[in-house]
Amino acid sequence: MPTGRVLRFDEARGYGFITVGGSSDIFFHANELDCARERLRPGARVSFETAESDRGVRAFSVRVVDGGCSADDFGRELAELLTGDLPSLTAAEIARLRERIVALAKRRSVVSG
C-alpha cells in the first residue's frame, strides 16, 4: 500500500490532495476516507490505494498512519484524560507526565510538531 503526505484538505469542499515524492499530486474525496477528517492536516502521513478515473489517478481507502495530530492537541487531550481519570495527580505531576509522553510521541512520529 503506497504512502504519502497530505498536501491539503478542504473540509468544506470535501476533497484534498496527497503528495508522493516527486510525482504528481493524487486527488482524494472525503467519501474515500478510512479515518476521521480532523486528522487530515497538511503534512500528515497517509496510506492509500489508487485507481484510474476519467480524470486521472485517484486515491481511496485513505488513512492516517502517523503524525495525524499536532503535539499541542495531543498534549491537551492527554492532560484532560489524566485529570479526569486520575484526580489524585497534582498539576505538577500531570505537567511532567504530559511533557514526557508528548516527547515520546514526537520521537516515535505519532504526533507532528
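The values are calculated or read from the model by the stated rules, or taken from the named source; none is laboratory data. Values in this document were obtained by computation on a predicted structure and should not be read as measured data. Cβ: placed from backbone, ideal geometry, glycine included. Neighbour counts: every protein chain shown.
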- Please state which of the following conditions Arg63 fails to meet, knowing it meets all the rest: (1) modelled with pLDDT of 90 or more; (2) in a strand (DSSP E or B). (1)
- Inside the stretch 1-27, can you point out the residues that are assigned to a loop (DSSP other than H, G, I, E, B), among the small types (Gly, Ala, Ser) and in contact with a helix residue (DSSP H, G or I) (Cβ under 9 Å, 6 or more places away or on another chain)? Gly14
- Note on the structure: Per the list (1) at pLDDT 90 or above; (2) in contact with a strand residue (DSSP E or B) (Cβ under 7 Å, 6 or more places away or on another chain); (3) surrounded by 11 or more Cβ atoms within 10 Å (Cβ to Cβ), residue check on Leu89 breaks on (2)
- Task: Within the stretch 1-37, track down each residue that is among the acidic types (Asp, Glu) and touching a residue at least 24 places away in the same chain (Cβ under 8 Å).
- Result: Glu11, Glu32, Asp34
- Filter pass, Ala51 being of a type in the set (Gly, Ala, Ser), exposed (fewer than 14 other Cβ atoms within 10 Å of the Cβ) and at pLDDT below 90: no
- Task: Out of the residues in the stretch 1-20 that are exposed (fewer than 13 other Cβ atoms within 10 Å of the Cβ) and hydrophobic (A, V, I, L, M, F, W, C), state the one that is modelled with the highest pLDDT.
- Result: Ala12
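Filter the stretch 28-44 down to the residues that are at pLDDT below 85 and either part of a strand (DSSP E or B) or crowded, with 16+ Cβ neighbours inside 10 Å (or both) and list them by number.
Passing the criteria: Glu32, Leu33, Cys35, Arg39, Leu40, Arg41, Ala44.
Condition check: among the hydroxyl-bearing types (Ser, Thr, Tyr) and modelled with pLDDT under 90. Does Ser23 satisfy that? Break it down into steps so the answer makes sense when it comes.
Numbers: among the hydroxyl-bearing types (Ser, Thr, Tyr): yes; modelled with pLDDT under 90: yes.
In short, yes.
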